[in-house]
Structure formats: C-alpha cells, structure tokens
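No lab work stands behind these numbers, since they all come straight from the coordinates. Computed from a predicted structure; not experimentally measured. Positions of Cβ are generated from backbone atoms using ideal geometry, with glycine treated the same way; all protein chains shown enter the neighbour counts.
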Amino acid sequence: MKNDKETAVPVTEDIVLECRNINHRFGDKQVLYNIDLKIIRGEIVALVGASGCGKSTLLRAIVGTHPPTEGEVVVKHSKGGPEHTVRRPGRDRGIVYQQYTLFPFLTARENVAVGLMLDQTSIPFRLFRYPAWRALRKKHLAEADELLESLKLGNALNQYPHEMSGGMRQRVGIAQALVMKPAILLLDEPFGALDEATREELQKMLLTLYAKNTEARKNNQPPPYTILIVTHELNEAIYVGDRVVALSQHWDHAGTGLARHPGATVVYDRMMPVYLPDQTPDFGDFKTKKDVLRNVAFEGRFITDRNEHVTFWQEVGAGEGWAKNR
Amino acid sequence: MIRHPISKKAALVLGLLSILTMLGFYTLVSGWQHKTNPDDTTIPTWSQLADGVKQIVSVDERSEERWIVEDGEATLSRLFLGLFFGVLGAVVLGLLMGCFTPFESFLGPPLSLLAKVPPTAALAVFFVLAGTDTRMYVAMIAFGVLPTLAQSVYLAVREVPDETLYKAYTLGASQTELIWNIIFRQILPKLIDAVRLQIGPAMVYLIAAEMVVGDVGFGYRIRLQSRLLNMSVVYPYLAVLAAFGFAMDDMLRRVQRFFFRWYVHEKR
C-alpha cells in the first residue's frame, strides 16, 4: 500500500546535509568518486551498496572522523540557519553503530542523559556548582526516562548494556542520539546483528519516527527526524527509507572519458514508497525495486550511464510520490 | 571431565583441607625436628610460635613500643604512599600515552626499558637520590610499579573502541570530558586489576629495602630475628604479611565487584 497521499512533504529547499563532490582516496586507491548528495529535512534515506563499495567511508566523512580527500560535507541545523563544513564529529550529527553504541559503565537512563550532561554542562560547573548540577542532573534523567519510556524501554531504565538484549541496546542507542536533537541521525548498519523479529520491530520504530515527521508537517512544524541509514539489506532499505541511494563501483567510467576506474559513485537515487508502522508493505512492488537495485548496485548489469537511475530530484520536481502535494 | 564445575560447598571443603594439610605437615616436621633437637628454633613448635606472637604484640622493654604496631605503621605508610604516587603517575602517563600519539612515541620506549629493571637491583640509585628515610621507600615503590602500571593503563585506553570516542564527540564531549568522563571511567576497573597485580611486587621492593637499610618495619624485623634464628617471630610476621596482602587484594576485588559490575560481567 503506497502511502503517496501523505499531506505535507519536506520543503525540498530545506537541505540538512549536503555532500559536495566527495572524492576519497586511500593511498593510490580511489574509493569514492564525485559523490553529490543532498538530504532534505525529514527524509529517511537508506544508503545501500555491496560490501567494500565505500558506504562506510562516506559515512565516516559525514560523521567527520575521516574527512574526504576532496570535496566537503556541509550541515545546516535549521532551515535558513548558517551552514558549516564538517571537519570533526559534532553534536549536530547523531550516530548509532552496530556495536559499541552504548557506554558499558552507564545504565540505560544514564547513557541517554550523558549527552545532555556533556552538551549543557562543563567539568568546572559539575565540580564547583554541585547543587545546581544535581538539580540539572535530575532534569536530564527525567528527560531520558521520558524518551526511553516512549521507546518502550520503561522497564530497562536502570539496566546496564550487558543486561539488555541486542534490540534493547540499539533502541537505547537511538534514544541516546535522539535526545541531542541532532540535525541528522546516522545509522551504520544498526540492525545487522539482530534477529529477524527484533530487526522488524526496530524498523517499525523508525517508521514511527517518520510518522512523527508527517504529523509535524501537518502542523506546519519542521519535521524533527532526518535519518541516513546505511544497510546492505535491500528489503530494509525499501521498507524504512522514503528514498534509497546506492553506491557502486560498477559503472561505465570509460563512457565518461575516464581511462582508470575512479572508484564508487552514486548509481541509484530514487524516491521510495512510504509506509506507516501499521501499514502492510506492498511486497510485489518491493521485488521490482529490489531487482533493479540488485542489478544496478550489486551486479553492475545494464549500466550505461551512471545517472540513469539517479532520478530523485527529477521525481521531486515532477511532484511524484510523496512530493505530490509539495 | 576437564573444567567440570564443582559445588561451592565442595570447593570450600577442598580449600580448608589444603590449609589443614599444610598445618598438619608443619606440625609433623616440627615434631620430628624437636625429637632430634629439643632446643631447635628453626621450625618452632606451636607453643614456641605462641610465645613469638606474644613477644610481637607485647610492649618491648627497650623501645617501649609493640613491635607489630611500630613495624606495621612504618611498613604500611611506606607501602600506601609508594602505591599512591605510583598509581597516580601511571594513570597520568598511561592516559597521555593512550590518548595522544606524540606522548606514546615519546614515553613508550623509556617505560618499556624501565619496566625491565628490577627496582631491588637499583636500590643504590634510590639511596643516592632519595636518602634512606621514608622518601626513599616511597620513591622505590612508586618507580618500581609505575612503568608496568602505566603500560597497563595505556593498553586499557587503547582498547576503548574508536566508535565509543566518536560517539562521545557527537554527544558534545570536549577533549577533557572525553578523557575524564568516558575513557577514565571505562578503564577504572582495569586499573584495579593492574594495581592488584602490583601489590605483590611493591611489597617485595619494600621488604627488600627495609632489610638492607631499615631501622624499623617488617623487613627490618624479619632480617634481625632471622639472624638470631628467632623463627617463632619471623613466621608470624610472614603470616601477617600474607594476610595483609590477601586482605588488600580481596578489598580491591570487592570494590571492583560492587562499583563495576558491568566489567565483572564483561571479564567473564
């Protein structure tokens, strides 16, 4: 069931994150070539690609831990606000990894509250203004509790990560990032190590966030959650993403006049159907999209022009899919 | 079967049995020795040992002090001060090396070399540099445990996954906060493990130094009484040292279990 009758859509000019001509090399080996990507506020973008195609390299460039050798990543926290070039990790980009997402020495609520502490207070404040810090700490913990309860983790508030299941840990990890209200939430194969049922449960949780975006747009508010999820699972990408971007090394570089293969680039960028948590996906439509994605991004078949399947902005311009009421 | 578990009760019984066997063996050997030489003091009987203990805890006529109090105060204060400065230095150096690569390159080689020098062999150097008072003992213990401890801290810091650090940055942590609030807290239980392992060597350095230059302390008393073949005093002193080492180790283990239960689970 395609939910293309969603009311308000992201204002397409409200770009949260932009990758401008990203090229990345490891020594002589070029890994990424000419990546241009703009992410609109409120989107859930799924980034897919075969193992070793450079997904993680691109994500690291966005996080700021490994800046690209050429090009820049730009983040804009609010619509119309100033933009800044990413040079190191910062609080405007939340990240959830597959592993090591939580601090093992903190309970669930402390893990979520720690970001508020680090962001809003300093070491001298915590040391020399202890009563004020204690009061603020209570507030932070209450905020953490509220968020965890909304993610159905109310019974795990005082549990340490080793006492939680993998799914619970990832949910706490998402809460830990979300409490900071980042401009964009980056998920690096977050559900890769989970069983099928837990995975599905967490995918639905992401769709709940998307539903909140929809709700916000209805009320003329900026959508609060913009997400970039890196995954190698195509079903997951199509199910949770309202847009799928694929990176691949299989593209016709010779056709563009390049003698040497310059690395992976974007070979697929399309709008996807949007599902709400209680909606059943259209599996027939999934299969068609998956086949195209597999051919283009994983097997490199039928590639003549790398822009052949990069049609997202034309689709937006034509008012297709969720952009219908733009 | 290899590693087949046994019940707690069985483990306790076996533990007690081993101690009783040891005590029984001692009684047997002491009995044989006293049959041959009734005035022997090298393997004292239980009654001789009781006299030795009495001598240790009674007020000495000459010094008007109880040996155990006098020696205990001297040895323990030296040991704690030495360990305190050693741990402090090791934490600072280990954190610097683990967090900042220039420090790793600068401090790594000398620490690796110093860790191989037994402080007891360098006793003369400490006499020359720090005299023969408490400062010398403290310096000896501190410099004795510091290289190994600093390397343990450094390795523990390096084991903190990069993702953890990146995550902390995205939560707004400054460099100092990252070291203090994230890295230090994560390595604390490992530091306790490392300190537990260094208690033994620290005691060896101290007792050896006290034996050579001390005028009070466990090492001094053991050397003096050994020369007089007064083993009824020496053995209780050894027992006190063993009990102290065991108590300290057990206390640190309990602290670790109470405050860092997440780590105890991880270690398992």
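As a ratio to 2.2 N^0.38 Å, the alpha-carbon radius of gyration for chain B is 1.26.
Hey, got the average number of other protein chain Cβ atoms within 10 angstrom for residues in A:95-103?
5
Taking every residue in A:61-72 and counting other chain Cβ atoms within 10 Å of its Cβ, the average works out to 1. A straight Cα-to-Cα reach below 20 Å connects B:K54 with the aspartates and glutamates B:D39, B:D40, B:E64, B:E65, B:E70, B:D71, B:E73, residues fewer than 8 places away in its own chain not being considered.
Once you keep just the Cα pairs under 8 angstrom separated by 6 or more residues, what percentage relative contact order results for the range A:104-181? After rounding, I find 53 percent.
Exposed loop GluC sites (Glu not before Pro) only (DSSP loop, at most 14 other Cβ atoms within 10 Å): please give the longest stretch of chain B free of them, not including the sites.
On the way: sites that count: B:E61, B:E64, B:E65, B:E159.
It runs B:160-268.
Considering only B:V213, B:F84, B:Q256, and ranking their Cα positions along the charge dipole of the range B:44-267 that arises from unit charges at the beta-carbon of Lys, Arg, Asp and Glu, the one farthest toward the positive end is B:Q256. Could you please report the charge total around A:E196, scoring K, R as +1 and D, E as -1 over all other residues with beta-carbon less than 12 angstrom from its beta-carbon? With Lys, Arg at +1 and Asp, Glu at -1, the neighbours total -4. A DSSP coil position with no more than 15 other Cβ atoms inside 10 Å describes the following trypsin sites (Lys or Arg not before Pro) in the range B:1-85: B:R3, B:R62. In order along the range B:163-174, phi translates into HN-Hα couplings of 4, 4, 5, 4, 4, 4, 4, 5, 8, x, 6, 7 Hz, rounded to whole numbers, per the Karplus curve 6.51 cos²θ - 1.76 cosθ + 1.60 with θ = phi - 60° and x for Gly and Pro. Across all directions, the average flat footprint of the convex hull enclosing the Cα atoms of chain A is 17.9 nm². Distance from the Cα centroid of the range A:155-171 to that of the range A:250-317 is 36 Å (rounded to whole angstrom). Just so you know, the averaged projected area of the alpha carbon convex hull for the protein assembly as shown sits at 38.3 nm². Seen against the Cα atoms of chain A and their longest principal axis, helix A:196-218 is set at about 90 degrees.
Report, in debye and to the nearest 20, how large the dipole of the range B:44-267 comes out about its Cα centre when Lys and Arg carry +1 and Asp and Glu carry -1 on their Cβ. If you can, show how the numbers build up before the last one.
Numbers: 19 positive and 20 negative charges, 94 e Å.
The calculation lands at about 460 debye.
So how tilted is helix B:231-259 from the main axis of chain B? Cα-based, degrees 0 to 90, rounded to 10. Taking Cα atoms only, the helix is inclined about 30 degrees. Taking label points 7 Å from Cα along the Cα-to-Cβ direction, A:D282 and B:R253 give a separation of 6.5 nm. Each residue of the range A:247-259 was assigned a 3J(HN,Hα) from its phi angle through the Karplus expression (A = 6.51, B = -1.76, C = 1.60, θ = phi - 60°), giving 9, 7, 8, 8, 8, 7, 5, 4, x, 9, x, 8, 6 Hz with x at Gly and Pro. In this structure, the amide hydrogen of A:V16, modeled 1.01 Å from its nitrogen in the peptide plane, lies closer than 5 angstrom to those of A:I39, A:I40, A:R41, counting only residues at least 5 positions away or on a different chain.
The residue list A:L106, A:H309, A:A50 was ranked by how far each Cα lies along the charge dipole of chain A toward its positive end, using unit charges on Cβ atoms, and A:L106 comes out on top. The angle between the Cα long axis of helix B:101-114 and the main principal axis of chain B comes to about 20°, on a 0 to 90 degree scale.
Overall, the range A:1-150 carries a charge dipole of about 540 debye about its Cα centre when +1 sits on the Cβ of Lys and Arg and -1 on the Cβ of Asp and Glu, all other atoms neutral. When DSSP assigns beta bridges and you keep just the ones with both residues in chain A, what percent turn out antiparallel, to the nearest 5? Bridges in chain A that DSSP calls antiparallel: roughly 55 percent.
Relative to the Cα centre, the charge distribution of the range A:211-287, modelled as +1 at Lys and Arg Cβ and -1 at Asp and Glu Cβ, gives a dipole magnitude of about 260 debye. Mean partner shielding of peptide A:80-92, defined as the number of other chain Cβ atoms within 10 Å of each residue Cβ, is 2.
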